[in-house]
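Single-structure report; data block below.
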Amino acid sequence: MSIGIWQVVLILLIVLIVFGAGKLPKVMGDVAAGVKNFRKGMRDDDEGEGDAATSKSIGRDADGGSGAGASERAREDETVKS
C-alpha cells in the first residue's frame, strides 16, 4: 500500500491548518536546521574516531620510542611551548 497524491494533499492541508501559513516557513526552517546540525554532529563523530586512531599512531616511533626519536620529540615539545 503506497501513499497516493490525495493522502499527501490531505496531510499538507492538515499541517497548514495546524501551524498556519505564517508559522509554516519558520517551522520548516527549524526542522531543516535540526537536520543540518544532526548531520554535522554525525560527521564530527566520524572524524573524531579517526583522529583518535591517528594520534595514537603518531605518538609511536618506528624504534619503539627510544633513541633519536624521543629526543626529537622533546625538541618539538620545547618549540611548541615557546
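The values are calculated or read from the model by the stated rules, or taken from the named source; none is laboratory data. The model shown is predicted, which means the values in this text are computed figures rather than measured ones. Using ideal geometry, Cβ is built from the backbone for each residue, glycine included, and neighbour counts are taken over all protein chains shown.
Taking the stretch 1-25 as the range and being touching a helix residue (DSSP H, G or I) at 6+ places or on another chain (Cβ under 9 Å) and part of a helix (DSSP H, G or I) as the test, the residues that pass are VAL15, LEU16, PHE19, LEU24.
Okay, residues lined up against (1) under 17 Å from the mean Cα position of the chain (by Cα); (2) at pLDDT 80 or above:
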position: MET1; (1), (2): no, no
position: LEU12; (1), (2): no, yes
position: LYS23; (1), (2): no, yes
position: GLY48; (1), (2): yes, no
